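**Student:** Quick one: the structure is below, and I'll ask about it shortly.
The values are calculated or read from the model by the stated rules, or taken from the named source; none is laboratory data. Not measured: the values here are computed from a predicted model. Neighbour counts are summed over all protein chains in view; Cβ atoms, including those assigned to glycine, are modelled from backbone coordinates with ideal geometry. To get the accessible areas, we keep the full protein, side chains included, count just its heavy atoms, and leave off ligands, DNA and RNA. Shrake-Rupley method; radii C 1.70, N 1.55, O 1.52, S 1.80 Å.
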Amino acid sequence: MWGPLKITRMTESQLTPVSATHDTAAPDSPDGVEQEVRAAVHAGLPSAIADLAQLVRIPSVSWSAFDPANVRRSADAVAALLTETGVFDRVEVKQAPIPSRGDDGGAESLGQPAVLATRAARNGRPTVLLYAHHDVQPEGDAADWETPPFEPTVRGDRLYGRGAADDKAGVMSHVATVRALHEALGDDLDLGLAVFIEGEEEFGSRSFSNFLQQNSAALAADVIVVADSDNVDVDTPALTVSLRGNVTFRLTVSTLGHASHSGMYGGAAPDAMLAAARLLATLHDDDGAVAVEGLRSYTGAAEPPAFSEEELAEDAAFLPGVRSIGRGPILSRMWSQPTITVTGIDAPSVANASNTLLPSVSVRISSRVAPGQPAREAYEALERHLRAHAPFGAVIAIDDVDLGDPFLVDTAGWAASEAKRAMTDAWGAEAVETGIGGSIPFIADLVREFPEAQILVTGVEDPDTRAHSPNESLHLGVFKRAVLAEALLLTRLNARES
């Protein structure tokens, strides 16, 4: 087992290799160019991982309760890495205003710092926009981490740390790809490039739409590569072709004007905790399937691959005796059906509990919206249900609403075919099209702003990554193969007429 990361001492033999092909091809042949790109990816990997480690050390949590100076420091570090490639005409750290949501008094504030790097296409070549995000989730309870969350550590084939995979590895996959292209192609690099590294994806991308509008000319592209998804496993690459949308909000249930003695009034006065518990129970049926009228499943998907109860239990860390919820094929439940989860609750802790009836309880509701249903429509269905099912005449208030639409990829485009071919060549295994139960809401904004662009959702994660959770990690072999796949894709696009 390896201890704390000493990246400058790592050698290529410590990383999962990717087999090279066409070893005898001439340098000026198409295969020869690709061989040089493979060699450049291979040679640049230790530096890429070292730079990734430095990014992981910056606690760039974008949530409002955390120090924004760390997000700025992270943006500056990413901008420096892109500038040092020598490829871009312009590299900037920029911010855009967050639109007023109606519950903030109309006040306008700036979103977190993002990085925008651009390079104009030459000789009729297409332009590719590379997206990732440099902000990260909070660490959570530090006691749940086996190593400090912001001290990158290698154990076995994996690099551990918050953001090591989601999504600073996505950032570095783009940086490493650009470095390899510059090294292998030099002045023959005619591809137009825009790199957009967002700073608030983990906090809802609230300024994203304004950023797109303000920088639409710089971001316009023929192909958009979003490096923020995962793969089937460490040996099988995936192109994500569907994503669920999301609806999140704070629900407050109130029944009393003030707390009252539970012994004096209990049994007659309805406390807010009882009302909230009964209301939340109406959101699901006895099988755990969503029971909200108006929340729809996606019916246009092909039959998903087989995925057993045993595999689910292992991947999701079921406790002994726990069984799955919902109905239908398991992957259909995770990719094509809506979900509702209570992700937080504001109430007295057990340690601070007193013998009182609570006047109000607030919870955070997170709903995943099936592809094909607008997030606004799903929110309205949830709101109708909650107001209609409030028990004991409880007063319902909903605020802090965030909406993100789902996404379906048009897999008939040439870019998707080229991406899958590049993945197959880089990984040595056939690329698989998959759905994802998670959400990347800003992709709907990309579709609206750039309707002609072909969008590819790729990533560096795998089932053991544990993104958002304690002990998040990146498989170093997956990282290398992901970089190589992107580098091969862009090399081939560099030879394509726009």
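**Student:** Go through the range 431-436 residue by residue and turn each phi into a ³J(HN,Hα) via Karplus (6.51, -1.76, 1.60, θ = phi - 60°); whole Hz please, and just put x for glycine and proline.
**Tutor:** For the range 431-436, the Karplus-derived couplings read 5, 10, 8, 9, x, 10 Hz, x marking Gly and Pro.
**Student:** How many Å² of accessible area per residue for the range 200-281, probe 1.4 Å?
**Tutor:** On a per-residue basis, the range 200-281 sits at 38 Å².
**Student:** Explain nothing, just the number: dipole magnitude of the chain about its Cα centre with +1 on each Lys and Arg Cβ and -1 on each Asp and Glu Cβ, in debye rounded to the nearest 20.
**Tutor:** Rounded to the nearest 20 debye, it is 740 debye.
**Student:** Can you tell me the 0 to 90 degree angle between the C-alpha axis of helix 168-185 and the longest principal axis of the chain, rounded to 10?
**Tutor:** Once rounded, the angle reads 10 degrees.
**Student:** I've got another one for you. At R0 = 35 Å, how high is the FRET efficiency between ILE325 and GLN214 if r is their beta carbon distance? Nearest 0.05 is fine.
**Tutor:** FRET efficiency, ILE325 to GLN214: 0.25.
**Student:** Of the heavy-atom accessible surface of the chain (probe 1.4 angstrom), what whole percent is carbon and sulfur?
**Tutor:** Accessible surface attributable to carbon and sulfur in the chain totals 51 percent.
**Student:** State the Cα centre-to-centre distance between the range 345-417 and the range 201-250 in whole Å.
**Tutor:** The distance from the Cα centre of the range 345-417 to that of the range 201-250 comes to 21 Å.
**Student:** Something else about it: List the relative contact order of the range 103-187 as a percent without decimals, with contacts defined as Cα pairs under 8 Å and 6+ residues apart.
**Tutor:** Once normalised by length, the contact order is 25 percent.
**Student:** Considering only protein heavy atoms, what is the solvent-accessible area of ARG125 at a probe of 1.4 Å, reported in Å² to the nearest 10?
**Tutor:** For ARG125, the solvent-accessible surface is approximately 50 Å².
**Student:** Just read off the accessible area of THR434 with the full protein assembly in place, 1.4 Å probe, to the nearest 10 Å².
**Tutor:** THR434 has an accessible surface of roughly 20 Å² with all protein chains in place.
**Student:** List the longest stretch of the chain that has no exposed loop site; here a site is one of the GluC sites (Glu not before Pro) assigned by DSSP to anything other than H, G, I, E or B, with at most 11 other Cβ within 10 Å.
**Tutor:** Counting only loop sites that pass the neighbour cut-off, the longest clear stretch is 147-292.
**Student:** HN-Hα J couplings of the range 144-156 from phi, Karplus 6.51/-1.76/1.60, θ = phi - 60°, integer Hz, Gly and Pro as x?
**Tutor:** For the range 144-156, the Karplus curve yields 7, 8, 7, 9, x, x, 10, 10, x, 9, 9, 10, x Hz.
**Student:** What accessible area per residue comes out for the range 346-463, rounded to a whole number of Å², with a 1.4 Å probe?
**Tutor:** 44 Å²
**Student:** Counting only DSSP beta bridges with both residues in the chain, tell me the antiparallel percent, nearest 5.
**Tutor:** 70 percent
**Student:** Sticking with this structure for a sec: Taking all protein chains together and a probe of 1.4 Å, list THR236, THR299, THR411 from the most accessible to the least accessible.
**Tutor:** THR299, THR411, THR236
**Student:** Shifting gears a bit: Given an 8 Å cut-off on Cα distances and at least 6 residues of separation, report the relative contact order of the range 339-392 as a percent.
**Tutor:** After rounding, I find 39 percent.
**Student:** Hey, another quick one. In the full protein assembly as shown, how much of HIS385 is accessible to a 1.4 Å probe, in Å² to the nearest 10?
**Tutor:** Ignoring ligands and nucleic acids, HIS385 comes out at about 20 Å².
**Student:** Still on this structure, I have one more. As a test of the formula, what do you get for the chain when each DSSP H run with n ≥ 4 contributes -39,500 (n - 2.57) and the sum is divided by the residue count, at 222 nm and rounded to the nearest 500 deg cm²/dmol?
**Tutor:** Estimated from H runs of four or more residues: -9500 deg cm²/dmol.
**Student:** Another question, if that's okay. Using Cα centres only, tell me the gap between the range 280-311 and the range 134-195 in whole Å.
**Tutor:** 34 Å
**Student:** If you don't mind, another one. With loop defined by DSSP as not H, G, I, E or B, and exposure as at most 14 other Cβ atoms within 10 Å, which is the longest segment of the chain clear of exposed chymotrypsin sites (Phe, Trp or Tyr not before Pro)?
**Tutor:** So the longest stretch without any such site is 3-317.
**Student:** Taking θ = phi - 60°, what integer Hz values does the Karplus form 6.51 cos²θ - 1.76 cosθ + 1.60 yield along the range 123-139, in sequence order, with x for Gly and Pro?
**Tutor:** Values, residue by residue: 6, x, 7, x, 10, 10, 9, 9, 10, 7, 9, 9, 7, 9, 6, x, 6 Hz.
**Student:** Tell me, what is the percent relative contact order of the chain, built from C-alpha pairs under 8 Å that lie six or more residues apart?
**Tutor:** Result for the chain is 24 percent.
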